[in-house]
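Take a look at the structure set out below.
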Amino acid sequence: MTGPVLELQDLTIVPTGSGAALFPPLSLRVTPGELVAVMGPSGVGKSTLISAIGGHLDTAFALRGRVRLEGTDITSLPAEARRIGVMFQDALLFPHLSVGDNLAFGLSPEIRGRRQRCAAVEAALDQAGLSGFYERDPATLSGGQRSRAALMRTLLARPKALLLDEPFSGLDAAMRDELRSFVFAHLRRIGIPTLIVSHDPEDAKAGGARIVTLDAGRAR
Amino acid sequence: MSPAQRRIARGAALGLVGAGILVPVAAGLWQTTLTAFGMVPGLSQTGPSLRPWRELVALPGALESLRLSLVTGLSATLLALILSLGLVAALTTARRMRLARQMLAPILAAPHAATAIGLAFLIAPSGWIARLLSPWATGWQVPPDIATVHDRAGLALILGLLVKEVPFLALMALGALSQVPARQQIASARALGMARAEAWARVVLPQVYARIRLPVFVTLAFSLSVVDMAIILGPSTPPTLAVAVTRWLQAPDVMRMMPGAAGALAQLGVMLLAMLIWVTGERALAAVGRALARRGARRSGTGFGLRVAGGLAVLLTVLGLLALMVLALWSVTWRWSFPNALPQQWSLRLWRDGAEGLASTAGATLEIALAATLVALILAIGWLQAEGPRARRLSTLLLLPLLIPQVSFLFGLDIAFLRTGLPEGWVAVVWGHVLYVLPYVMIVLAGPWRAFDRRLEATAAALGAGPVRRLIAVRLPVLLGPLTAAAAVGVAVSVAQYLPTLFLGAGRVATLTTEAVTLSSGPDRRIAAIYALMQAALPWLGFALALGLPALAFRNRRGLRGGVE
């Protein structure tokens, strides 16, 4: 399969002002369309790892090692220039924008013209089973609807890699299954490297993911 | 931008904001000090000498003024603290809390001068209260000869300060209370055999107090050095130190300037002394509290005291609302002679006749307020956007102007302007107002700004939005409620300023406040009432807009409604 490859090279995270890394250096190659699940005990720094790869690392931490996307070193690029999509546990739709405008916020600027952009958003809403939701207030959506809208918003930005930070853990069991199959179906379709952080082994299994375990002692 | 450049840009932003606030304070204090020690080349005084201080002590009433300031300032602050805590302790239900907020808001927003004028029209021997009770209850056909305003002990001034400061401290305490798990703690204390009020006083109060200590010191500094309210309500022979100093510094005889500056420094000394007394009192009370706790005392009478204080605070709130109402009454009065309870003849004629002057003064006031608020908002956003953990600790320094008596450095700041060739007038006045608007804007904005969910910005960045777009398209709109609230507070603070306008405007800048203070000693209550009412109306309008705009903008956004207090 051709497409972007996400590479981590000896990556670790050190709290500023302390010498001890959260976990041993991690090297990893995620190929296009591949899903890698990062598992590990809570507090080991799984979410921090995701932030570091996306460029959202808090100033309380420093990153060591390199992150490469499509062969380019993006370690020192700001988040907005990395083209790495992120989905957090809460869908984090912008509360001041309508559902449709949330999607339009991320829609790649390569799509021009008011009508084309509007059509692209409507099409994405259709795919997410949210037809006719353009003007809706995000606060009135159900948890599953919100997550689906957030995924479509992320994908409309045409990311070259995707990071999922516990994307299903806020939902009840039935909703979780439904959303899992929705998300993984989309991932297979677009074929970009994806990292998922989760404490639920079901997530990895459902997505057919390769599993990497983070451990304060060692990374395997 | 590389990380290094970003660090430099952030440092520059923090430095600029800090310098904009701290340099004027430092320069003002320095020039005041030079003048106080007779180093004024312009008046061929080459000091350093102690002559200004000897002249100060020799000025009639100087020492009495000093004593008066200390007594009125300390008692007003202490009483305001007790009454506000009593009020907050009594707000046990959501309904009471809502009612209290609604009642306190108009008083809190009204400038000190307007409130003082209304209060004077209420409690004066010929005031509304005397009119309502006469002659049927008092037998007075003419106003009695009792000094209920401008009394020598400064009781009217203390009352005026209480009317304004109790709402301020009560709202601060309410904010602090929300950070304390009061309900559970009171339940545990009651299970140990303490009555509810006693439990509040002994368990919740110390935690609330620790969180409102800074506002208490702001109240102390303000009460010790207030000028406009002290002119309107306070004693006149001699007046409080801040009023006396203001008069000496504004005297036609320029040689009065040096003892005046010495008095301005003495005012700073009074503030430090009062703080020392206050902190000593804090320690003593804390020791008493600990001793009670160790003895396992279940009753100490503090609970009862708190309930009395709450009752008095309610009374005071009613007084404040009546004071604002009497302004409205007098503003539409044509003839109202003693002892009629209401005007005999009503008229809008004075509004009509004075409309032009009133509109231009109100316009000038609003211009200054909007300019100062805009500058303060930009500075506050710049600071908050640039701050890291270290700058966050330093941000308390931005509140410094609130802790230093205004007379102590504003006069010196005016001299500094003259010496450096910067023009007095409009720009200087706006800058002077920013010194007081910025701290309050920070108080309102910092909490919501720092509590903002950073993952929203991370999400926007992952969608390709750069720092400018993240600020303008995500953070600012989501924080629209706190931003408009901060702007309304800023306008209210600016409209209330008296001394910065007086000193830095060089007599050329007139606002509703300076006019109202001047008119308050004039013969015509109707005109004074019109100006005072207008002065209060501007902040009210601001708060109405601050509530209305986000509600309108977010009428279809459930996630953002109810975010504004």
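No other residue among B:GLY447, B:GLY464 is open to solvent by 10 Å² or more (accessible area, probe 1.4 Å) and not in a helix (DSSP H, G or I) apart from B:GLY464. Scanning region A:92-131 for residues that are at the interface with chain B (Cβ under 9 Å from one of its Cβ atoms) and of a type outside the set (S, T, N, Q) returns A:LEU92, A:LEU93, A:PHE94, A:PRO95, A:HIS96, A:LEU97, A:PHE105, A:GLY106, A:LEU107, A:PRO109. Taking the numbered list (1) at positive phi; (2) within 14 Å of chain A (Cβ to nearest Cβ) in turn, B:GLY507 passes all entries but (2). In region A:96-121, the residue that is nearest to B:ARG561 (Cα to Cα) out of those that are open to solvent by 40 Å² or more (accessible area, probe 1.4 Å) and part of a helix (DSSP H, G or I) is A:ASP101. Quick check, is A:PRO41 open to solvent by 10 Å² or more (accessible area, probe 1.4 Å) and more than 16 Å from the chain's Cα centre (by Cα)? It is true that A:PRO41 is open to solvent by 10 Å² or more (accessible area, probe 1.4 Å) and more than 16 Å from the chain's Cα centre (by Cα).
Take the conditions (1) without any contact (Cβ under 8 Å) to a residue 60 or more places away in the chain; (2) more than 13 Å from the chain's Cα centre (by Cα); A:THR213 misses just one of them, which is (1). Quick check, is A:GLU80 within 15 Å of the chain's Cα centre (by Cα), under 24 Å from A:HIS186 (Cα atoms) and free of Cβ contacts under 8 Å to residues at least 40 places away in the same chain? Considered against the rule, which asks whether it is within 15 Å of the chain's Cα centre (by Cα), under 24 Å from A:HIS186 (Cα atoms) and free of Cβ contacts under 8 Å to residues at least 40 places away in the same chain, A:GLU80 comes out as yes. Restricting attention to region B:454-470, the residues being more than 7 Å from every other protein chain (Cβ to nearest Cβ) and among the β-branched types (Val, Ile, Thr) number 1.
Residue-wise test of (1) within 14 Å of chain A (Cβ to nearest Cβ); (2) without any contact (Cβ under 8 Å) to a residue 12 or more places away in the chain; (3) surrounded by 20 or more Cβ atoms within 10 Å (Cβ to Cβ).
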residue: B:LEU358; (1), (2), (3): no, no, no
residue: B:THR361; (1), (2), (3): no, no, yes
residue: B:ALA372; (1), (2), (3): no, no, yes
residue: B:GLU387; (1), (2), (3): yes, no, yes
residue: B:ARG393; (1), (2), (3): no, yes, no
residue: B:VAL407; (1), (2), (3): no, no, yes
residue: B:LEU438; (1), (2), (3): no, no, yes
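When you go through B:ALA510, B:ALA473 one by one, which is the residue that is surrounded by fewer than 19 Cβ atoms within 10 Å (Cβ to Cβ) and outside any helix (DSSP H, G or I)? Spell out how you get there, then give the answer.
Values: B:ALA473 fails: outside any helix (DSSP H, G or I).
It is B:ALA510.
In a residue-by-residue description of region B:321-333, the property of being touching a Pro at 6+ places or on another chain (Cβ under 6 Å) and either in the same structural domain as B:THR501 (by TED's automatic domain parsing) or buried (at least 16 other Cβ atoms within 10 Å of the Cβ) (or both) applies to at least one position. How about region B:116-142: which of its residues are touching a Ser or Thr at 6+ places or on another chain (Cβ under 8 Å) and crowded, with 16+ Cβ neighbours inside 10 Å? If the condition is that a residue be touching a Ser or Thr at 6+ places or on another chain (Cβ under 8 Å) and crowded, with 16+ Cβ neighbours inside 10 Å, then B:ALA116, B:ILE117, B:ALA120, B:ILE123, B:ALA124, B:PRO125, B:GLY127, B:ALA130, B:TRP140 are the ones that fit.
The values are calculated or read from the model by the stated rules, or taken from the named source; none is laboratory data. Remember, predicted model here, so these are calculated numbers, not experimental data. As a convention, Cβ positions derive from the backbone with ideal geometry for all residues, glycine included, and neighbour counts pool all protein chains shown. Note: accessible area is taken over every heavy atom of the protein model, side chains too, but ligands, DNA and RNA are not part of it. Shrake-Rupley method; radii C 1.70, N 1.55, O 1.52, S 1.80 Å.
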